[in-house]
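Enquirer: Mind having a look at this structure? Questions to follow.
The values are calculated or read from the model by the stated rules, or taken from the named source; none is laboratory data. Source: prediction; values computed, not measured. We place every Cβ from the backbone using ideal geometry, glycine too, and count neighbours over all the protein chains shown. Side chains included, ligands, DNA and RNA excluded: accessible areas come from the protein's heavy atoms. Shrake-Rupley method; radii C 1.70, N 1.55, O 1.52, S 1.80 Å.
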Amino acid sequence: MAKVLVTMPDEFLNKVDGLADSENCSRSELIREALKNYMRRLSKSQIENASANAEILDDILS
């Protein structure tokens, strides 16, 4: 597994660590899951946008 160096303000890192503690997981686990959720949400948004654009195009061409 690759390692990644991420820079963030100390205050934000403290919040991340606090959340990881409350979720009983490691900092790495928490960040991985957050990124997975972000990417999943982004993909859904892109699909919804493509569908909406297809409907608009269909209306224009009809």
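Enquirer: Calculate the spin-label point distance for residue 12 paired with residue 56, positioning each point 7 Å from the Cα along the beta-carbon direction, and give it in nanometres.
Expert: It works out to 3.1 nm between the two label points.
Enquirer: Pairing the Cα long axis of helix 10-22 with the longest principal axis of the chain, what angle in degrees results, from 0 to 90 and rounded to the nearest 10?
Expert: With both axes taken from Cα atoms, the answer is about 90 degrees.
Enquirer: According to a simple spin-label model (label point 7 Å from Cα along Cα-to-Cβ), what is the distance in nm between residue 38 and residue 2?
Expert: 1.5 nm
Enquirer: Looking at the chain as a GNM with Cα springs under 10 Å, which of 50, 34, 20 has the largest mean-square fluctuation?
Expert: 50
Enquirer: Check cross-link reach from residue 3 to the lysines: straight Cα distance under 19 Å, and skip same-chain residues fewer than eight apart.
Expert: Those lysines meeting the cut-off are 36.
Enquirer: Using Cα atoms only, what is the angle between the long axis of helix 27-61 and the major principal axis of the chain, expressed in degrees (0 to 90) to the nearest 10?
Expert: 10 degrees
Enquirer: Roughly speaking, to the nearest percent, how much of the chain's 1.4 Å accessible area is carbon and sulfur?
Expert: 56 percent
Enquirer: Given 0.36 nm per residue, what is the gain on full extension from residue 21 to residue 45 after removing their alpha carbon distance, in nm?
Expert: 5.6 nm
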